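A short worksheet on the structure shown next.
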Amino acid sequence: MTRLFNDPDDFATESAAGFAAASARWVRPVTGGVVRSTRGAEPTVAVVIGGGSGHYPAFAGLVGPGLAHGAAMGNLFASPSAHQVHSVAAAADEGRGVLLSYGNYAGDVLHFTQAQDRMRAAGIDCRTVVVTDDISSAPAAEHEKRRGIAGDLVVFKVAGAAAEAGLDLGEVERLAALANARTRTLGVAFGGCTLPGADEPLFTVPEGRMAVGLGIHGEPGIDEVDVPTAAGLAELFVSSLLAEIPDGIEREGARVVPILNGLGSVKYEELYVVYAEIDRLLAEAGLVVVSPEVGEFCTSFDMAGVSLTLLWLDDELEPLWHASCDTAAFRRGAVEGRIVVDAVEIAEEELVIGPASDGSRRAAATIDRALAAMAAMLDSEADELGRMDRVAGDGDHGIGMQRGSRAASAAASAVVAAGAGARTTLQQAGDAWADKGGGTSGAIWGEMLVALGATLGDDGDPDAPRIAAGITAMKDAVMSFGKAKVGDKTMIDAIVPFADRLAELVGSGAGLVDAWTDAAGTADDAAKATADLAAKLGRARAHGDKSLGTPDPGAVSFALIAHTVLDILKGND
């Protein structure tokens, strides 16, 4: 378990501050993460990586000459927000374009894509290569659905070396994608990790058993077997990875880089015992082992686990893998000719509170009370929502909703006190939720609040039809943004019937409270019914059958929020 912390809510922030202070040779802090503290004689493409905290040396430990130019650092096991990613990318940009690269998780995809769109809108060429190395997370025919784990290092290293060589953005993107296509990983765990302040690990494995195909955020494995010997584990790794050789490669004489990665509490001596057998098995299989790596490259707090990555080299990738780099956690050769960068922070946009009607200010005050009530409710329900999420996911839904709603409530209170109307209040609350909540739920709730605010506006006095239209806009936003549909076992299964029922009743002339009461009951029934569904999207997809019998935490949290807001609306009558 994680023993050394102050306030668990501040752990990621304080850890990042300590890393930056200890690593000034390589990085300097910026809003949302870190960027290089030096630059080369000539500008290069900027490689910006990132993800949730809790995986050191991924991601901040890989920033420096020859590797990444910046890392966006989200909260614990939660993707960085679009605001954080954009801030880091803008600070890292050297004028030759930006490549974003990260593990293929829904929250990361949503937030990094928003940041990419914002960079492009500003006239900066920005492209993306997601890492999809985990063979356990989707079939080979659906390679694009796989998640990124320790293969992150491979893709980031190749992209960073290509940028350092002065190649243009198109070539850096192509080579990073090639590295991803030729990288495969399998992981196992003997026990789960425990987040700071938590009373129990995100998952457990029975004594004497081993989870196969785990995720680095605490997602359960896809299989469970008896703990093998070190030689038995090596055989499992090698046979599984050699069963899926990337297209176009002849095994005999192929050159491979094995990366044996400890996930947190498996020690180096144990890793070397396993690696001795891996090295022998790869040679017996007719492969040429090149520059093996054994250590910690992508961890998960104190998780007792190990993964093996194979990078299948070719004539383009090999020199890039061997190219010099110098970061806090990964170094090779010597990098010369660096120039210290003056620490110039990208200025934050100044918030301007525009004019608002008296009716919109009254609505904003109601929104403020509703968000405060939501935050209090989610505080009390966080553990139960996390328990539901642990059944087939990574268990962070409760804490993500808790962080996001707290931030949204604080942001709303600040702007309401300054005289903001409904639109401005919801815009600021949505941005804060996305920024602090992180993950998929953070991105989605941020979009939903912004969509509701755009419909309510800062003028007039929002009536029942306008509010119902705003809820419909929320529904449309989440369906467009998250690409889920009814039946996928997500929040969509609750918000669609809620929004549709509310619109139907208000359209028939019902008052807002009566319509909301009925719709909240509909959402509650729909959320409970998700227990009969198997998950089809997100991290839970690989464990869909395990989710049968447990309702979707996103749908449940939406239904709880609907009832919480109802209490505020009743108090306004």
Would you grab the residues whose amide H sits under 5 Å from the one on Gly74? Only those 5+ places off in sequence or on another chain, please, with H modelled 1.01 Å from N.
-> Gly51, Gly52, Ser53
Could you please rank Ile492, Ile467, Ile222, placing first whichever residue has the fewest other Cβ atoms within 10 Å of its Cβ?
-> Ile222, Ile467, Ile492
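Cβ neighbours within 10 Å, averaged per peptide: list 431-442, 139-150, 86-97 in order, most packed at the top. Walk me through the intermediate numbers first.
Values: 431-442: 29.1, 139-150: 18.4, 86-97: 22.3.
Those peptides, ordered most packed to least, come out 431-442, 86-97, 139-150.
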Contact order normalised by residue count of the stretch 358-572, Cα under 8 Å, 6+ apart, percent = 21
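Return one quarter of the surface area of the convex hull spanned by the alpha-carbon atoms of the chain, equal to its mean projected area, in nm².
On the way: hull surface 100.7 nm².
With every direction weighted equally, the projected area is 25.2 nm².
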By how many degrees, 0 to 90 and rounded to 10, does the Cα axis of helix 422-437 deviate from the longest principal axis of the chain?
-> 30
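Would you work out if the stretch 189-310 is rounded, prolate or oblate? Take a ≥ b ≥ c from the square roots of the eigenvalues of the alpha-carbon gyration tensor; rounded if a/c is under 1.5, else prolate when a/b is larger than b/c, oblate otherwise.
prolate
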Hey, got the dipole for the chain? About the Cα centre, +1 on K and R Cβ, -1 on D and E Cβ, debye to the nearest 20?
-> 440
Sites matching trypsin sites (Lys or Arg not before Pro) across the stretch 265-343 that sit in DSSP coil, with at most 13 neighbouring C-beta atoms within 10 Å | Lys267
Centre separation in Å (Cα based) which lies between the stretch 78-134 and the stretch 382-454 | 21
Could you state the angle between the C-alpha long axis of helix 268-284 and the longest principal axis of the C-alpha atoms of the chain, as a value from 0 to 90 degrees rounded to the nearest 10?
-> 60
Please give the helix 230-242 orientation as an angle from the longest Cα principal axis of the chain, in degrees from 0 to 90, rounded to the nearest 10.
-> 80
Could you run the Karplus curve 6.51 cos²θ - 1.76 cosθ + 1.60 with θ = phi - 60° over the stretch 306-318 and give me ³J(HN,Hα) per residue in whole Hz, x for Gly and Pro?
-> 9, 9, 10, 10, 10, 9, 8, 6, 9, 5, 7, 6, 4
Could you line up Val288, Val30 from fewest to most neighbouring Cβ atoms inside 10 Å?
-> Val288, Val30
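Sort 509-522, 2-15 by packing, meaning the average of other beta carbons within 10 Å per residue, with the highest value first. Show your work: numbers first, answer last.
On the way: 509-522: 18.2, 2-15: 13.6.
Top to bottom by mean Cβ count within 10 Å: 509-522, 2-15.
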With the dipole of the chain worked out from charges on the C-beta (+1 for Lys and Arg, -1 for Asp and Glu) around the Cα centre, which of Pro292, Ala519, Ala60 lies farthest toward the positive end?
-> Ala60
Listed peptides 408-417, 356-365 by packing density, highest first (mean Cβ within 10 Å) | 408-417, 356-365
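Could you grab the Rg to Rh ratio for the stretch 358-572? Cα atoms only, Kirkwood for Rh. Mind dumping the intermediate values first?
Values: Rg = 16.1 Å, Rh = 16.9 Å.
Radius of gyration over Kirkwood radius for the stretch 358-572 works out to 0.96.
Which whole-number percentage describes the relative contact order of the chain, with Cα contacts under 8 Å and a sequence gap of 6 or more? The partial results should precede the final answer.
Working: 1319 pairs, mean separation 75.1, N = 573.
Relative contact order, the chain: 13 percent.
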In whole Å, what is the distance between the alpha-carbon centres of the stretch 1-49 and the stretch 269-343?
-> 22
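Could you list the GluC sites (Glu not before Pro) in the stretch 211-272 that lie in coil according to DSSP, counting only those with at most 16 other Cβ atoms within 10 Å of their Cβ?
Values: sites: Glu224, Glu235, Glu244, Glu250, Glu252, Glu269, Glu270; in loops: Glu244, Glu250, Glu252.
The qualifying sites are Glu244, Glu250, Glu252.
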Just tell me which lysines come within less than 21 Å, Cα to Cα, of Lys145; anything on the same chain fewer than 8 places away is out.
-> Lys483, Lys485, Lys489, Lys536, Lys546
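Since every read-out is calculated from the coordinates, none of them should be taken as a lab result. Please read all numbers here as calculations on a predicted model, not as lab measurements. Positions of Cβ are backbone-derived with ideal geometry, glycine not excepted, and every protein chain shown enters the neighbour counts.
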